[in-house]
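Rule-based calculations on the coordinates, nothing more; no lab input. Since this is a predicted model, take the numbers as computed values, not measurements. Virtual Cβ from ideal backbone geometry, glycine too; neighbours counted across all protein chains shown.
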Amino acid sequence: MGNLLDASGFVIQPRLKFQNIKDKMLYQFLLDDVNYIPSERCQVGQTIIVLSEFAKEIGWTREIIRNSLTRLENLKYITVKTLPQKRGMLITVNHYKDFQSLETYKEKDKKEVKTTHEDTHEDTHEDTHENKSCNPCESRSEGMSKNLNTQEDTQEKTHEITHTITAFINSIININKTFKEYIVGAPVKNKNLSSIEDIQTFVDFASRTNALPNGVNGKLLVSYFDCIRLTRQTCTISANILVQFIEKIQKFSANQINYSIWKHIEDHDDKRESYTLGILRNVKEPEARRGLIKLKNKKGGEKIAAPVGSNEELQKYDFGF
């Protein structure tokens, strides 16, 4: 066992309430990363991150990280201080010493630390299959194994149950039905998308079946759907919900759609897809064009031509994703 486990120590993770899964993931990283003994740069419970480097390392945009840090600070879970001369941000995990002391968790001290269990049934109103698992972020194989029938079942029935929606999509060679018909009528028990790879497969299939509005950027849509997925406590989202979203955006222009989902990713990553639809309904075509230019300039720091013109030109437009 000693050869298999090369741990340098351990960290106690308190059970706290979070607005979304990204905040929880970031907080757990910080709790593990902060000093447990003082150093020249940081005291106990403190760490320093350089936002640009950290964003590249974890694959999130700087805006998403800033938004998450702001929410954690508003909850008083952390304190953030910007260091001079672009040396990064000094982050303090509040009550770190208390959280790392087992004495804190004794019955007599529970009221003081105010820890609480998260509600794992938040999304039951959306899709009956989306939250069958009580294990957050479970793998596709874990969700699939729960529905396996006995060996006495017919081969066809076993074949259907063991398929996830991603496996079902990958099994399709010839397209002879609409995108919605394939997804809604898929003979599978598990329609959840649980990773960015699942999202990529889903969006690619939507493109193959011509379900996406002309000019909508595929890479941007993958990033958006993955952002929406992470607003769920289980880190999964039903393919049926995304089909409904694609149907609802059909009446808008490519510029309006690209702007709205990009704006959502950058500034409202803790919100769900209904918030994006609100942006869509309130942004006009000229405003969407100007907004795309601003977002691109903000991301790349370079001046670009307006993202307008033919569908072919829109497809070639580089959104930086």
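Some observations on this one:
- Proximity of backbone amide H atoms, modeled 1.01 Å from N, is registered between C42 and no other residue at under 5 Å, excluding neighbours fewer than 5 places apart on the same chain.
- Taking amide H positions as modeled 1.01 Å from N, with prolines and chain starts lacking one, the residues under 5 Å from N190 and 5 or more places away or on another chain are I165.
- Sorted by Cβ neighbour density within 10 Å, fewest at the top, the residues K271, K251: K251, K271
- Taking the centroid of alpha carbons for each part, the stretch 42-75 and the stretch 207-236 are 25 Å apart.
- Put simply, the amide H of I78, placed in the peptide plane, has neighbours under 5 Å in E73, N94, leaving out anything fewer than 5 places away on its chain.
- Filter on K177/K219; K24/K219; K219/K294; K177/K263; K24/K76; K180/K251 - keep pairs with C-alpha separation over 21 Å: K177/K219; K24/K219; K177/K263
- Loop-resident trypsin sites (Lys or Arg not before Pro) (DSSP state other than H, G, I, E or B) in the stretch 20-79 with no more than 14 further Cβ atoms inside 10 Å of their Cβ: R41, K76.
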